[in-house]
Amino acid sequence: MKALVLGGDGFCGWPSSLHLAANGYEVLIVDNLSRRLISEKISTPSLTPIRSIERRIEAAQKIGNIRFAYCDIAKDPGKFKEILVNFQADIVVHFAEQRSAPYSMLGDAERKYTVDNNITGTNNLFSTLTELNQRPHVVHLGTMGVYGYNDAFGEIPEGYLNITVKQTQKDVTIPYPVNPGSIYHMTKCLDHTIMQFYAKNWGFQITDLHQGIVWGTDTDITSTDEDLINRFDYDGEYGTVLNRLVVQSQVGYPMTVYGTGGQSRAFIHIQDTARCVLLAAENPPEESSRVQVFNQISEVHTVRHLAQMLHDQTGAEIAYQDNPRREPAENNLRVSNAGLCSLGFEPITLADNLTKDILATVSKYEHRLDRSVIDSRARW
Ligand code: NAD
Ligand code: USQ
């Protein structure tokens, strides 16, 4: 089976590509290396010394059949088409988007770039596949943030809500109302609409993984060889909250809890991202007229709880800051992950003590840390 992995050089894409290759897939990574470029532009290299894509691929040959093609899927539809024609994928996994909410809110240029890149890339993929009459199962990485983060309709279901229409008293199933909190999250809502249309009109089999915040850095494969090491972002724009707090607690930087820390969010470990992507890839929807949605999450915590847990482990100080983001100070969140669990997903949780592994990685590469990039510059 052939898996085309768009964005396979990134934080989630790299370990997922390796996991697919280790499980017998012929993998072709397509990436424009824009994440590495943004790192250079805003001076925030990965804490871990990730290798060049060439060196990564050379080391990955020991894991399985894995290759790389440079292509910007948003800006170079001609080359992208050639790749799709030549590779004839059975599965396409689509990670290739600008994924930082704070980055997308920095200013005019970043708003436009995020929308142009994410929406055009997704539409290019489906439009070209339509033109070529190819129908691989497409697995798209979406986000929990499409739902907003509240329990207004009870536990958040997987993409669809069963309601009774007041006017007709009819029971219907509707796509869960979207409620994005940033330009980045907005692009994921738009992606979802694009995919619903392609599924309805051209019968694509599509799975949208509404993923929570990913934590951790290494997986059982990336930790086997320094040349396979995964990226680790800790800066104010690309670092996600748990990884940031772990780094801060290790290096004596007061932990940056925004507002009261009462924000509840869903989390998943990077190892589970790779496992869930494979599970989803192997289980396409039976019905091709609508997008299958799985909530790719393991557990829900408040930011305050995470900071307190790290304080208890390390004694690190918590610094409550004015929240730079427009979001509710406190929220309740309950999320179903029944779909992936029914396929055999057994979540890794914080109780498994994996923050200790991250602390070890941070300690190993602490000399590479730049404290001046820890605070976030984005305000909205
Ligand atoms: P990342 O930035 O590390 O990886 C994205 C990769 O896509 C990068 O290698 C980048 O160079 C590439 N890319 C971007 N635009 C491209 C284009 N036009 N053409 C070709 N390649 C392009 O991000 P990540 O953390 O690995 O996230 C991957 C996906 O998972 C994203 O779509 C993101 O929205 C989603 N996701 C991530 C998280 C998280 O916590 N990291 C949580 C939920 C969902
Ligand atoms: N937060 C802090 N302190 C920090 C950083 C963040 O308190 O130092 C808070 C934020 O205010 C927010 C929460 O922690 O309430 C999560 O922030 P985050 O930066 O970890 O996550 P977010 O911006 O939502 O985006 C990340 C990924 C994105 C993915 C999303 C999943 O960058 O790609 O889609 O998590 S989710 O949050 O479930 O929508």
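Here is how the numbers come out for the structure above:
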quantity	calculated
Order by protection proxy (mean Cβ within 10 Å, highest first), peptides 341-354, 167-180	341-354, 167-180
Electrostatic dipole magnitude of the chain [Cβ: Lys, Arg +1; Asp, Glu -1; Cα centre; debye, to 20]	660
The chain: most fluctuating residue of E40, E158, E131 per GNM, C-alpha cutoff 10 Å	E131
Antiparallel bridge percentage (DSSP; both residues within the chain; nearest 5)	20
Lys, Arg +1 and Asp, Glu -1 on Cβ, resulting dipole of segment 306-380 about Cα centre, debye, nearest 20	300
Distance between modelled label sites at V85 and W380, nm, 7 Å Cα→Cβ extension	3.9
Residues of segment 74-116 with amide N under 15 Å of the 7 Å Cα→Cβ point at T193	115-116
Relative exposure of V165, V257, judged by other C-beta atoms within 10 Å (fewest first)	V165, V257
Net length gained if the chain between K112 and Q61 were fully extended (0.36 nm per residue, minus Cα distance)	14.6 nm
Residue-span extension gain [N179 to D357] - 0.36 nm each, minus C-alpha spacing	60.6 nm
Residue of T224, T355, T122 that the Gaussian network model of the chain assigns the largest fluctuation, springs spanning Cα pairs under 10 Å	T224
Separation in nanometres of the label points that stand 7 Å from Cα toward Cβ, at D227 and S43	3.3
Cα principal axis extents for the chain, largest first, Å	59, 57, 43
Label-point separation, K166 to R135 (7 Å along Cα→Cβ), nm	4.1
Contour minus Cα-Cα distance for T349 and M1 (0.36 nm per residue)	122.2 nm
Which of V138, S17, N353, positive extreme of dipole for the chain (C-beta unit charges)	V138
Computed E for D220/A152 - FRET, C-beta separation, R0 35 angstrom, nearest 0.05	0.35
Among G107, G142, G159, residue whose mean-square fluctuation peaks in a GNM of the chain (springs only between Cα atoms under 10 Å)	G107
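Any read-out appearing in this document is the output of simple, stated calculations on the displayed coordinates, not a laboratory observation. Everything quoted here is computed from the prediction, not taken from an experiment. Please note: Cβ atoms are built from the backbone with ideal geometry, for glycine as well, and neighbour counts cover all protein chains shown.
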